[in-house]
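For reference, the structure is listed below as structure tokens.
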Amino acid sequence: MPNILEFGLDGNFYAMDIHITREIVEFLPLTPIPRTPGYIAGMTNIRGEITTIIAISELIGATAGNTEPASQKFIIFMPGTARGENIGVMVDEVYSVIEVPEQAIEYTGNSGAGAIKSFIKGIIRVSDDSGEKEGSRVSQRLVLYLDIEKLLSYLFEMASR
């Protein structure tokens, strides 16, 4: 059963593998990096380490959230995942770490067009554990399971051009 980190962008639910995450940091001031693509939000200093922050919503084509920047979070990746670099993504909210049974994941195979489609590993059905039931069914929400390692490979490929 994979352990995932569930986060939000513009009211939608997304997830990534927790093992690639080093830490979650409250919003810090960003310094823009001139002449970089729009998905590079900027860089910041996290405990003495300069870290590049990616606006993941811009990169995957999701609508930017209406969240105040000061309430956003940074998810910082393990250096091994980011080829030794200090890289993180900016999200509107971090919800929880959950263990997901394999039968709750519908893997997509990444067929089809569109930038976001190529970074989606699957769709996770998460049952609402509030105890409320709609008729005889427990309500569920759908969470897009992102392939962050593929997304980072794409970023490094784009940077080398």
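List of remarks:
- In the frame of its principal axes, the chain has Cα extents of 55, 34, 27 Å, reported largest first.
- For the chain, built as a Gaussian network whose Cα springs stay under 10 Å, the top-fluctuating residue of E106, E149, E49: E49
- Most mobile listed residue (A55, A70, A104) in the chain, GNM with C-alpha springs under 10 Å: A70
- Looking at the chain alone, DSSP beta bridges between its own residues are antiparallel in about 90 percent of cases.
- Linear extension gain, H19 paired with N3, 0.36 nm per residue minus alpha-carbon span: 5.0 nm
- Per-residue [θ]222 nm for the chain (sum of -39500 (n - 2.57) over DSSP H runs n ≥ 4, rounded to 500): -3500 deg cm²/dmol
- Rg and Dmax over the alpha-carbon atoms of segment 1-48 stand at 13.9, 42 Å.
- Dipole in debye (nearest 20) - the chain, about Cα centre, beta carbon charges: Lys, Arg +1; Asp, Glu -1: 480
- For the chain, built as a Gaussian network whose Cα springs stay under 10 Å, the top-fluctuating residue of E68, E99, E23: E68
- Å³ per residue enclosed by the Cα convex hull of segment 27-90: 93
Values in this text are rule-based calculations from the coordinates and carry no lab data. Nothing here was measured: the structure is a model prediction, and the numbers come from that model. Counting neighbours? That spans all protein chains shown, and the Cβs are built from the backbone with ideal geometry, glycine included.
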